[in-house]
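Below: one structure, written as structure tokens.
The values are calculated or read from the model by the stated rules, or taken from the named source; none is laboratory data. Just so it is clear, the model here is predicted, and its values are computed rather than measured. Cβ: placed from backbone, ideal geometry, glycine included. Neighbour counts: every protein chain shown. For accessibility, only protein heavy atoms count, side chains too; no ligands or nucleic acids. Shrake-Rupley method; radii C 1.70, N 1.55, O 1.52, S 1.80 Å.
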Protein chains: 2
Amino acid sequence: MLRLSKLTDYATVILSFMAKNNERVCAAMELATATGIALPTVSKILKTLVNAKVLISTRGAKGGYLLAAAPDKITVATIISALEGPIAVTECSISQQGCEQAAGCNISGHWNVINRAIYNALESVTLADMIKPQETLIPITSLYRLESQNVSQ
Amino acid sequence: MLRLSKLTDYATVILSFMAKNNERVCAAMELATATGIALPTVSKILKTLVNAKVLISTRGAKGGYLLAAAPDKITVATIISALEGPIAVTECSISQQGCEQAAGCNISGHWNVINRAIYNALESVTLADMIKPQETLIPITSLYRLESQNVSQ
DNA sequence: ATAAATAGGACTAAAATAGTCCCCAATGAA
DNA sequence: TTCATTGGGGACTATTTTAGTCCTATTTAT
């Protein structure tokens, strides 16, 4: 299914909330309450996002978290790679030395083409896009074509 | 990292081998030997691919597996959805009823746009492409841009 | 000082994935 | 017609990954 982890999903929810409250420092506790995600989990995600420089943190009383850039400068690709590491579909695309079966495997170049296409798709959507009303963005026909895929499974 | 499961990776290796030996029936045992993947695992993957109609099987002595279509008609999207189910990045994109937090969540439409872009990328590469020599397909510049992403992790 | 926050990391629990095995069904050949 | 060969289906186990929690240290406003 080419799944994103739950934590990444949570991260987009948290960041969307923050983007709507742009320029305001939010404490972890506030974000947990607002999103309904447990505090320790929110906290873990926020720390990761700080390390990836998506957020800036302030310690101490009245501290909290703030977006490190404007919502239209933060892409989905950035968020995903912050939580999951490099955006690539196979192990061998990440480490340059390839897999054990490197000798018999001539297909890594093709995965790179695929990875690049996926990366471009993720790079083209920003946090600002995500908080826009969605009606402007769904071409109904595309949903139908996606669903017809599901049938084969 | 947006990972594909190992089984899917194996499937591409197995199918690539079969594509190179197109029109020849291959037994599971032969494929296991050729790819270095354990027989029970190969067998499991082959069964899945038969169910998804990517392969056709023949039982009994001299039986085995055959591609159900020409290599240039079998896309990577087909292979991936055979093994992993619908190609979508979030749970909520699959079931139409959305997640528990549906009320507060306005972003599913945006995931659909992303899913579609990814699906198109995967649909545009076929098994025939994958067995071509890879030199013809890697634009070096794209690799550099992909690597610069990895740094942030 | 003290209370309110984040930082870092260890740890546990739960879930998904990978891998194996067994018994059945089909088929071709001796 | 019997037997070796090959796939079909599914249960089961082990492993790995992911999710989630918790503890202690550090920072800072009041």
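Which condition from (1) open to solvent by 40 Å² or more (accessible area, probe 1.4 Å); (2) near DNA strand C (Cβ under 8 Å from one of its atoms); (3) at pLDDT 95 or above is the one that A:CYS26 breaks?
If we test A:CYS26 against (1) open to solvent by 40 Å² or more (accessible area, probe 1.4 Å); (2) near DNA strand C (Cβ under 8 Å from one of its atoms); (3) at pLDDT 95 or above, just (1) comes out false.
Can you tell me which residues in the stretch B:42-70 are in contact (Cβ under 8 Å) with a residue 24 or more places away in the chain, more than 14 Å from chain A (Cβ to nearest Cβ) and either out of contact with any Lys or Arg (no Cβ under 8 Å at 6 or more places or on another chain) or open to solvent by less than 40 Å² (accessible area, probe 1.4 Å) (or both)?
B:LYS44, B:ILE45, B:LEU46, B:THR58, B:LYS62, B:GLY63, B:GLY64, B:TYR65, B:LEU67, B:ALA70, listed by residue number.
Quick check on my filter: what residues within the stretch B:27-71 are over 15 Å from the mean Cα position of the chain (by Cα) and on the phi > 0 side of the Ramachandran plot?
B:GLY36, B:GLY60, B:LYS62, B:GLY64
Each row is one residue, and each column tells you yes or no for (1) facing chain B (nearest Cβ under 8 Å); (2) modelled with pLDDT under 50; (3) open to solvent by less than 50 Å² (accessible area, probe 1.4 Å).
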{"residue": "A:VAL113", "(1), (2), (3)": "yes, no, no"}
{"residue": "A:ALA121", "(1), (2), (3)": "yes, no, yes"}
{"residue": "A:ASP129", "(1), (2), (3)": "yes, no, yes"}
{"residue": "A:PRO133", "(1), (2), (3)": "yes, no, no"}
{"residue": "A:LEU146", "(1), (2), (3)": "yes, yes, yes"}
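Look through the stretch B:32-75, keep the residues that are aliphatic (A, V, I, L, M) and within 7 Å of DNA strand D (Cβ to nearest atom), and return whichever of them is nearest to B:ILE131 (Cα to Cα).
Our first condition is that a residue be aliphatic (A, V, I, L, M); within the stretch B:32-75, this holds for B:32, B:34, B:37-39, B:42, B:45-46, B:49-50, B:52, B:54-56, B:61, B:66-70, B:74.
Pick out the ones that are also within 7 Å of DNA strand D (Cβ to nearest atom) and you get B:46, B:50, B:61.
Numbers: B:LEU46: 19, B:VAL50: 21, B:ALA61: 29 Å.
Ranking the qualifying residues of the stretch B:32-75, first place goes to B:LEU46.
Within the stretch B:54-86, how many residues are assigned to a loop (DSSP other than H, G, I, E, B) and farther than 23 Å from A:ILE114 by Cα?
Taking the stretch B:54-86 as the starting set, the residues that turn out to be assigned to a loop (DSSP other than H, G, I, E, B) are B:54, B:59-63, B:68-70, B:74, B:85-86.
From the residues that got through so far, the ones that are farther than 23 Å from A:ILE114 by Cα too are B:59-63, B:68.
Final tally of qualifying residues: 6.
Can you name the condition, by its number, that A:ILE80 falls short on among (1) without any contact (Cβ under 8 Å) to a residue 60 or more places away in the chain; (2) out of contact with any Cys (no Cβ under 7 Å at 6 or more places or on another chain); (3) open to solvent by less than 40 Å² (accessible area, probe 1.4 Å)?
For A:ILE80, the exception is condition (1).
Within the stretch B:12-23, take every residue that is within 14 Å of DNA strand D (Cβ to nearest atom) and part of a helix (DSSP H, G or I) and give me the one that is surrounded by the fewest Cβ atoms within 10 Å (Cβ to Cβ).
Of all residues in the stretch B:12-23, those within 14 Å of DNA strand D (Cβ to nearest atom) come to B:14, B:17-18, B:21.
In the following step, the residues that additionally are part of a helix (DSSP H, G or I) were identified as B:14, B:17-18.
Working: B:ILE14: 25, B:PHE17: 16, B:MET18: 28.
The extreme case among them is B:PHE17.
Quick one: is A:ILE87 modelled with pLDDT of 85 or more and open to solvent by 40 Å² or more (accessible area, probe 1.4 Å)?
no
Determine if the stretch A:8-16 includes at least one residue that is polar (S, T, N, Q), within 18 Å of the chain's Cα centre (by Cα) and within 11 Å of DNA strand C (Cβ to nearest atom). So that I can check it myself, show each step before the final result.
Going through the stretch A:8-16, the residues polar (S, T, N, Q) turn out to be A:8, A:12, A:16.
With the extra rule that they be within 18 Å of the chain's Cα centre (by Cα), the set shrinks to A:8, A:12, A:16.
Retained after the next criterion (residues that are within 11 Å of DNA strand C (Cβ to nearest atom)): none.
Among the residues of the stretch A:8-16, not one is polar (S, T, N, Q), within 18 Å of the chain's Cα centre (by Cα) and within 11 Å of DNA strand C (Cβ to nearest atom), which makes the answer no.
Provide a single number: the residues in the stretch A:1-11 that are assigned to a helix (DSSP H, G or I) and free of Cβ contacts under 8 Å to residues at least 40 places away in the same chain. I'd like the intermediate steps shown before the answer.
Our first condition is that a residue be assigned to a helix (DSSP H, G or I); within the stretch A:1-11, this holds for A:6-11.
Right, trim to free of Cβ contacts under 8 Å to residues at least 40 places away in the same chain and you get A:6, A:9-10.
Adding up the residues that qualify gives 3.
With within 13 Å of the chain's Cα centre (by Cα), modelled with pLDDT of 90 or more, within 16 Å of DNA strand C (Cβ to nearest atom) and within 8 Å of chain B (Cβ to nearest Cβ) as the only criterion, which of A:ALA82, A:ALA77 stands out?
On the way: A:ALA77 fails: within 16 Å of DNA strand C (Cβ to nearest atom).
Being within 13 Å of the chain's Cα centre (by Cα), modelled with pLDDT of 90 or more, within 16 Å of DNA strand C (Cβ to nearest atom) and within 8 Å of chain B (Cβ to nearest Cβ) holds for just one of A:ALA82, A:ALA77, which is A:ALA82.
Do you know which of the residues in the stretch A:24-41 that are in contact with a strand residue (DSSP E or B) (Cβ under 8 Å, 6 or more places away or on another chain) and assigned to a loop (DSSP other than H, G, I, E, B) is farthest from the other protein chains (Cβ to nearest Cβ)?
Residue satisfying both the conditions and the ranking: A:VAL25.
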